[in-house]
Amino acid sequence: MNIVDVRVIVTCPDRNFVTVKIVTDEGVYGLGDATLNGRELAVASYLRDHVAPVLIGRDPSRIEDTWQYLYKGAYWRRGPVTMSAIAAVDTALWDILGKVAGLPVYKLLGGRSREGVTVYGHANGETVDDVLVEVARYVEMGYRAVRVQTGVPGLASTYGVSHDKMFYEPADAAVPTENVWSTERYLAHVPSVFARVRAEFGPTLRLLHDVHHRLTPIEAARLGKSLEPYALTWMEDPVPAELQDGFRLIRQHTTTPIAVGEVFNTIWDCERLIREQLIDYIRTTVVHAGGISHLRRIFDLAALHHVRSGSHGATDLSPVCMAAALHLDVAIPNFGLQEYMRHTEATDAVFPHGYHYAGGYLHPAETPGLGVDIDEELAAQYPYRPASLPLNRLEDGTVHSW
Ligand code: KDG
Ligand code: MG
């Protein structure tokens, strides 16, 4: 069996997605997600101009060899654009392998380690009263874990808090929206939010909070300490993660568990964090961390060091990525949680899929491969729309981290 066509499909059913479709001479095809929020066309070009031509004629079952060929062969290693492109190809090849074998991909990864994939949803509201209503909505839907974000009194807008609830989209304008940020106001507010949520929902609901990389290590340590009475499952992205040493300082001061990794693209971004047990959850994803093959490598390293998975699953990760993530989630021994920010109806129509939600769990499809498809005709009706993630400035105008 040989690869005869590599198509790069860019579509915008309520948000932008880049998808690779690898077609074989026997008619079997596989899909991979290559979406990099706000930088979609860079990955599309990387795939069309540099990857597609070298895949033609290759044996699609040589998944590891193709990964190494693309990673080492480019000479320029790592980076989100390269790794999203490699991820898409890798994912599509696993999809093809599953279809050829007649097995869902999780069986090729060693089979089930659990009955379902525990997911967390996003409760966000401008005020604490608003967010309590949102948390209740998730609890009613059966969720066992909820991420809680609110507006900050005195700040006009806050990343991660929007008017749309189930389907909010942070990439909201072609030129980045600018928010104003105050660490002082934020740190003074967050503990009171979790005090109310715990009082209302009791001790067993798993609660999470995303800091979006906005603090310094000592500020994050203070936040973690102030949240200890509310027993969070994790405090996410407390600091910008380029400096892995920053996590050691947070760790020395607080027992609030730490999650990080949504912007990481290889094992080298988190190798020290994992090996030195500076984090509790690694949130790398299929699409941004080199596909199923490389993500499994990261999770295997994590398993040796008491670190569990917590894959990113926001709306900018397409249903193709979600399908792939679920196959890994259900198979690995050290699964923690899976983020599940639902896609809109338009997105779901372009990407028909067999995974489903029931009672707090997502379940991968049982059909051969990943169990997700793309309706190319429908996709063509939604042309690309430039959209960027927002930017933060401090009250004095300084550009701040995220
Ligand atoms: O593309 C960036 C978003 O996916 C991200 O900011 C959302 O932080 C996020 C999360 O944890 O889902
Ligand atoms: Mg996040």
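Some notes on this structure:
- As a rough footprinting exposure proxy, the listed residues Trp268, Trp94 were ranked by other beta carbons within 10 Å of their own, and the order from fewest upward is Trp268, Trp94.
- J(HN,Hα) series, the range 391-397, from Karplus relation 6.51 cos²θ - 1.76 cosθ + 1.60, nearest Hz, glycine and proline x: 10, 10, 10, 6, 4, 8, x
- Whether the chain is rounded, prolate or oblate, judged on the alpha carbon gyration tensor where a/c under 1.5 counts as rounded: prolate
- Helical segments meeting 20 Å axial Cα length and Kyte-Doolittle -1.0 threshold in the chain (DSSP H): 80-101, 183-201
- The fewest-to-most ranking of Val4, Val193, Val180, Val287 by surrounding Cβ atoms within 10 Å reads Val4, Val180, Val193, Val287.
- Cα gyration tensor shape of the range 1-128, rounded if a/c is under 1.5, else prolate or oblate by comparing a/b with b/c: oblate
- Charge-dipole axis of the range 288-402 as Lys and Arg at +1 and Asp and Glu at -1 on Cβ define it, positive-most pick from Val320, Gln381, Ala303: Ala303
- Sum of side-chain charges, Val8 neighbourhood, beta-carbon under 12 Å (Lys, Arg +1; Asp, Glu -1): -2
- Cα→Cβ-extended label distance, 7 Å offset, between Ala156 and Leu187, nm: 2.6 nm
- Spatially, the range 305-365 and the range 197-212 are offset by 21 Å when compared through their Cα centroids.
- Take every pair of alpha-carbon atoms less than 8 Å apart whose residues are at least six positions apart; their mean separation over the length of the range 123-231 yields a relative contact order of 29 percent.
- Per residue of the chain, the DSSP helices (runs of n ≥ 4 H) give a summed -39500 (n - 2.57) that works out to -10000 deg cm²/dmol at 222 nm.
- Net charge of the neighbourhood of Leu249, taken over other residues with C-beta under 13 Å away and scored Lys/Arg +1, Asp/Glu -1, is +1.
- Around Pro60: net Lys/Arg minus Asp/Glu count, Cβ-Cβ under 15 Å: -3
- Cut-off of 10 Å, at most 15 other beta carbons, DSSP loop: longest stretch of the chain lacking such GluC sites (Glu not before Pro): 116-241
- Three-way shape call for the range 273-402 based on the alpha-carbon gyration tensor, with the a/c threshold at 1.5: oblate
Coordinate-derived values only; no laboratory data. Note that this is a predicted model, so its numbers are computed, not measured. Counting neighbours? That spans all protein chains shown, and the Cβs are built from the backbone with ideal geometry, glycine included.
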